[in-house]
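Peer 1: The structure under discussion is supplied below as structure tokens; questions concerning it will follow.
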Amino acid sequence: VVAFVAPSELAKALSHKDGPWVGYADMLAGLICLLAFLVVARGNKWRELAYPPLGAWALVVLAVLSVSRAVNPLEAGVEVVKWTLYVVGVYLLFLNTLTDARRVRLAVGVLLTSATLVMLWAAAQYLRQLHAPTFDPMLVRAGFTNRNTYSAFLSLVLPLALAGALHTRRPVRRVWWGLLVAGGLLTMLSGPLVWITVIALAWVACSVRGLPRWSALAGLAVYVVLMLYALPHNYSAAVGEFAYPYESEANMIHVAQGGVGQSAPVLKKRWIEWQPALQMLGDNVVLGVGVGNYQLNIGQYYGEGLPNVKKSEPDTNNLYLVIAASLGFLGLIALIGYFGHFWRLSSVLWSYAEDNLGRALAAGLPAAMLALLVGNLFTGMIVRGLSLVVILLLALIETAGRRRLGVPPDEV
């Protein structure tokens, strides 16, 4: 259930229309975690559980300590609960539930089923925009709030889908997951994430030999050619945004210089904000400005001469800088250590791959991890609608790396 509803940004504001926001999927996950822990407590089976790595506990502790620096304690408190739910509660739930190959196979199947429905929703929006007077890429988002979180979701699940298609012996699933990859690439309209996903998929393709490898690579090449010559909206997102890295006409700002208003194009805020974020870290090295309080503080660090676009595209923050500014330098170290733990585990999954399921996980999960590590430079993926998916993938890495999944070769 949690895996199925994970890619959803539907949420409720706790105080007023501007937040803090709590996702309905997060509420459901929290309820299921609570029930699961009551069962464990009743049987006093705490010693039988597998627990999160040290980096997860460090992130929670630092998040709690950073609340003392927050200008908005309510926002900080909600974020502490969210981080605890994600890296401890939900991770414990997944890790101690996915204990055999049948359950792992079911979890992956449910995730890819949910991804298929999400992709079809976005495909309908894409086709609708083709007939609109003006194509708006922000509206190709399925149930997410914008194209960036939607594309980030696909960058995590498409490598797993392609790995399953290449390593399964069931033709129906091969076609299904192959079409999911094709449809997902077509509807991805967030520039940096498009190229990250293409590279991740090429890595997955190289996990097999012979015709399957070259077929997958040829498919990716066809997509790139179509994007360059026959899909103008995809080209605009993947290439145009890099060729013209400035704010759109709608976001041209009124910059006050010497008391005189001057309209001027500026670099997109996603790139400019790296400098103020580093300055924020420099002024708050130990505990940052408080978890969940990044947006409340970033404006004052733009300084004179650095334009601050008031209306900017959402979910284009650098997660590493957000965590560093919010939790301090130790928070950044904890996050890198947390991700590094799973990167190390994913890099040796082939040593545990004894069957099709193991090979699919060994091929897809490292590529998904690559997309996570690099994609967080451009779109923070520990956000509502993505966090549960990220935690599920991390739990799958731990499960595949620590437990040998015994399953007949044709059971994928």
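Let's see how each residue does on (1) over 25 Å from Gly340 (Cα atoms); (2) at pLDDT 95 or above; (3) in contact with a Phe, Trp or Tyr (Cβ under 6 Å, 6 or more places away or on another chain):
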| site | (1), (2), (3) |
| --- | --- |
| Pro7 | no, no, yes |
| His16 | yes, no, no |
| Pro20 | yes, no, no |
| Leu31 | yes, yes, no |
| Ala50 | no, no, no |
| Leu93 | no, yes, no |
| Leu106 | yes, yes, no |
| Thr113 | yes, yes, no |
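Peer 1: Tell me which residues, restricted to the stretch 350-364, are in a helix (DSSP H, G or I) and either buried (at least 24 other Cβ atoms within 10 Å of the Cβ) or touching a residue at least 12 places away in the same chain (Cβ under 8 Å) (or both).
Peer 2: Going residue by residue through the stretch 350-364, those that are in a helix (DSSP H, G or I) are 350-352, 356-364.
Within the stretch 350-364, Trp350, Tyr352, Asn356, Leu357, Gly358, Arg359, Ala360, Leu361, Ala362, Ala363, Gly364 qualify.
Peer 1: Still on this model: Restricting to the stretch 168-217, name every residue that is in a helix (DSSP H, G or I), of a type in the set (Gly, Ala, Ser) and open to solvent by less than 10 Å² (accessible area, probe 1.4 Å).
Peer 2: Gly184, Gly191, Ala200, Ala205
Peer 1: Can I ask one more? From the residues in the stretch 47-80 that are assigned to a loop (DSSP other than H, G, I, E, B) and more than 20 Å from the chain's Cα centre (by Cα), which one is nearest to Val289 (Cα to Cα)?
Peer 2: The extreme case among them is Ala70.
Peer 1: State which residue is farthest from Asn317 (Cα to Cα) when the search covers only the stretch 129-162 and only residues that are open to solvent by 40 Å² or more (accessible area, probe 1.4 Å) and aliphatic (A, V, I, L, M).
Peer 2: Leu130
Peer 1: Still on this structure, I have one more. Only one of (1) over 19 Å from Leu267 (Cβ atoms); (2) at pLDDT below 95; (3) open to solvent by less than 70 Å² (accessible area, probe 1.4 Å) is not met by Ser347, so which one is it?
Peer 2: It is condition (3) that Ser347 fails.
Results for (1) touching a residue at least 60 places away in the same chain (Cβ under 8 Å); (2) not small (Gly, Ala, Ser), shown as yes or no for each residue.
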site: Thr145; (1), (2): yes, yes
site: Val157; (1), (2): yes, yes
site: Leu162; (1), (2): yes, yes
site: Leu166; (1), (2): yes, yes
site: Leu186; (1), (2): yes, yes
site: Pro192; (1), (2): yes, yes
site: Ala200; (1), (2): yes, no
site: Gly210; (1), (2): no, no
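The values are calculated or read from the model by the stated rules, or taken from the named source; none is laboratory data. It should be emphasised that the depicted structure is a prediction, and the values quoted were computed from it without experimental measurement. Note that we place each Cβ from the backbone using ideal geometry, even for glycine, and neighbour counts take in every protein chain shown. Only protein heavy atoms, including side chains, enter the accessible area calculation; ligands, DNA and RNA are left aside. Shrake-Rupley method; radii C 1.70, N 1.55, O 1.52, S 1.80 Å.
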